[in-house]
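First the structure, in the form of structure tokens, and then the observations on it.
Bear in mind that the values in this text are calculations on the coordinates, not laboratory data. Fair warning: this is a prediction, and the values are worked out from it, not measured in the lab. Glycine also receives a Cβ, built like all others from the backbone with ideal geometry; neighbour counts cover every protein chain displayed.
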Amino acid sequence: RVAISLPSLRPDAFSVGLAEAVSRVRKSGLTFAPEAGTQRLRDVINKNVTEDDLLGAAKIAYEKGWNLIKLYFMIGLPTETYEDLDGIVDLVGKVARIARGNGGKSLNVSISPFSPKPNTPFQWDPQDTLSSLGDKCRYLSKHISRKSVHLRWRDPEVTGIETLLARGDRRIGRVLYRAWEKGAKFDEWSEHFNFERWTSALDESGIALEDELGPRRIGHALPWEIIQSGIRSDFLLREREKAARAEVTPDCRTGDCSGCGIRDLGFDRKFVKEHSTAENAEDAEKQKIRERSTTSAPSAVKSAAGGGDTSPTESRYGRRQKKRRSAPAPSMAGTKVRLQYAKEAQMRFIGHLDVTRAFERTIRQARIPIAYSQGFHPHPKASFGPPLALGIESLAEYVDLQLSEPYPWDIVASLNSILPPGLRIVDAKPIFGKTLALNAAINAAAYDVSLPPEVELTKAVESLLAASSVILRRTTKQGIKDVDIRPGIRELRSGSGVLSMTLTLGQQTSPRPMELLKHLLGWPSDRMCALKITRTGLYIERNGRKLSPMQVL
Ligand code: SF4
């Protein structure tokens, strides 16, 4: 029931075996990182993988049931030419053919501009110019066939700023601050990234981006040398010279020590010996997995072609094997519990999905006997109430848990001892009999907004309540719509620096707290973010009665 996701893998058969060992339930996608399109350039960056490794790994992965492979390449690597880009086009074409040959499986290709990072052999090298990187993106976009390939790339301007921040000296602190003042926030999200903010912050600080992304002089002090990484500069220079000759350095975990300098940090021979003994055991295990992967692949191919030895389970001809019904799931005691929890100030920028994940992990760690759904994607049976908008705190959020054993009496204390700061269980009640799911039952929410002393909303509230309709413009997936939110405003009061409101939930015209506040205050979004908004209650309104989800049990 634990899903393990793997980062990008070395493109070889062992990696597929490893992925298979940890992904017995779900085989959604595998990421391989050949990084360069030709062997020459892969040798320059010391990648130590061949085209055969990648094609073999892709073939095995598709045959073993993965429906999607993601390939990761870099452009703008030192010594790169357009021949290397043609190598990417060629390699992608070959993997795409394997994908099509395996029943039209998917292939995603991700292209990122290379950023010469500190403490690497390329720390003295320039980043490729933004215009050249743009040309290369267009070249690949034009030449990579889109037949069964989904191509995406990272914006060269984003990589430019990433390199600026990674290699900059103390002057870049000023640039960072100016960019923030100009509105640069959450820049990793493409919809928030604005290159002009950065270039104007650089201009105002008298710094040229081209200089910062340009080459560094060997022998001159580098800003990051104040941090002792353990990697010696002469080793990096040696590696850089070898890279220029496309000469690879063997992996020191399996080959000889290359003298990078890490040992000088104090790892003694004993550590190295123990380290290598552990590695040997790991290598033996790797070898076993590798053998399993490589020997099973041809047999699968043979059986598909109708030749060679086929085990009964691999047979594709003659009468189909009867599907064996799996044993019925163990019956559950059928206990359910409803929890009320608070999401406090330090968690207000954590989204709903992350909160649900925090609960899943806490429940597992606290050994709460949660029931799981059946099938290939077993999920803990936890049903949350209406999601809370980002930036809002809450005293009253709810989740129903289906348990496989009777309700543990110490559930509140057990969960609270593990939940991260800012999430706190307030109350728990067992559920007897049938109840509507939280999302279906809850139809109103109450909020308190703390207002600055200079803000006076009494008149605005009175005129809003006197109006028969309040039309707001809302951007939806279907386009811009005018919505009358007045029927959804149940209560609205202003006084003593607090605006209290009760709003309907779950209908298309239900008001959102932020849009109602914006309507009343007329502030820009940035200023609105500083308001302290707390959801004080969720309610089930039925037959003129307003009850909390705990009161209906
Ligand atoms: S064995 Fe240790 S010191 Fe030698 S190259 Fe590898 S990491 Fe560096």
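Please report the net charge: other residues with Cβ closer than 12 Å to the Cβ of residue 232, K and R +1, D and E -1.
-2
Stretch residue 190-residue 526 to full length: gain in nm at 0.36 nm per residue minus the Cα-Cα span?
Additional length available on full extension: 119.1 nm.
Quick check for me: using +1 on Lys/Arg Cβ and -1 on Asp/Glu Cβ, what's the dipole size of the stretch 13-217 about its Cα centre, in debye to the nearest 20?
Approximately 900 debye in magnitude.
Over the C-alpha atoms of the stretch 390-440, what are the Rg and the largest Cα-to-Cα span, Dmax, in Å?
For the stretch 390-440, the Cα-based Rg and Dmax read 12.8, 36 Å.
Within a Cβ distance under 10 Å of residue 345, other residues only, what is the Lys/Arg minus Asp/Glu net charge?
Combined, the nearby Lys, Arg, Asp and Glu give +1.
Rounding to the nearest 20 debye, state how big the charge dipole of the stretch 478-553 is about its Cα centre with +1 on each Lys and Arg Cβ and -1 on each Asp and Glu Cβ. Could you put the intermediate results ahead of the total?
On the way: 12 positive and 6 negative charges, 44 e Å.
The calculated dipole for the stretch 478-553 is roughly 200 debye.
Listed highest first by mean packing, meaning other Cβ atoms within 10 Å per residue, what order do 57-67, 497-507 come in?
Details: 57-67: 21.5, 497-507: 17.1.
Order by mean packing, descending: 57-67, 497-507.
Can you figure out the FRET efficiency of residue 357 with residue 225, using R₀ = 30 Å and their beta-carbon distance, to the nearest 0.05?
The value I calculate is 0.15.
Once you sort the root eigenvalues of the Cα gyration tensor of the stretch 13-217 as a ≥ b ≥ c, which label holds: rounded (a/c under 1.5), prolate (a/b larger than b/c) or oblate (the other case)?
Numbers: a/c = 2.21, a/b = 1.90, b/c = 1.17.
Prolate shape, in that a/c is at least 1.5 and a/b is the bigger ratio.
If packing is taken as the mean number of other Cβ atoms within 10 Å per residue, what is the order of 533-541, 364-372, 480-488, highest first?
So the peptides 533-541, 364-372, 480-488, ranked by packing, come out 533-541, 364-372, 480-488.
Within 10 Å of each residue's Cβ, count the other Cβ atoms and sort 384, 32, 193, 349 from fewest upward.
Ranking 384, 32, 193, 349 by Cβ neighbours within 10 Å, fewest first, gives 349, 193, 384, 32.
At a threshold of 8 angstrom on Cα-Cα distance, excluding pairs fewer than six apart, so keeping six or more, what relative contact order does the stretch 335-438 reach in percent? Numbers along the way, then the final one.
Details: 177 pairs, mean separation 51.5, N = 104.
Reported as a whole number, the value is 49 percent.
Taking the Cα centre of the stretch 155-224 as the origin and placing charges on Cβ (Lys, Arg +1; Asp, Glu -1), which of 189, 200, 177 is farthest toward the positive end of the dipole?
Comparing the listed Cα positions along the dipole, 177 ranks first.
I need 341, 407 ordered by Cβ neighbour count within 10 Å, fewest first.
Ordered from fewest to most neighbouring Cβ atoms within 10 Å, 341, 407 come out as 407, 341.
With Cβ to Cβ distances under 12 Å as the rule, what net charge do the other residues near residue 91 carry (K, R +1; D, E -1)?
-4
Considering only 433, 398, 420, whose Cα is most displaced toward the positive end of the charge dipole of the stretch 335-438, charges sitting on Cβ of Lys, Arg (+1) and Asp, Glu (-1)?
Final value for the positive-end residue is 433.
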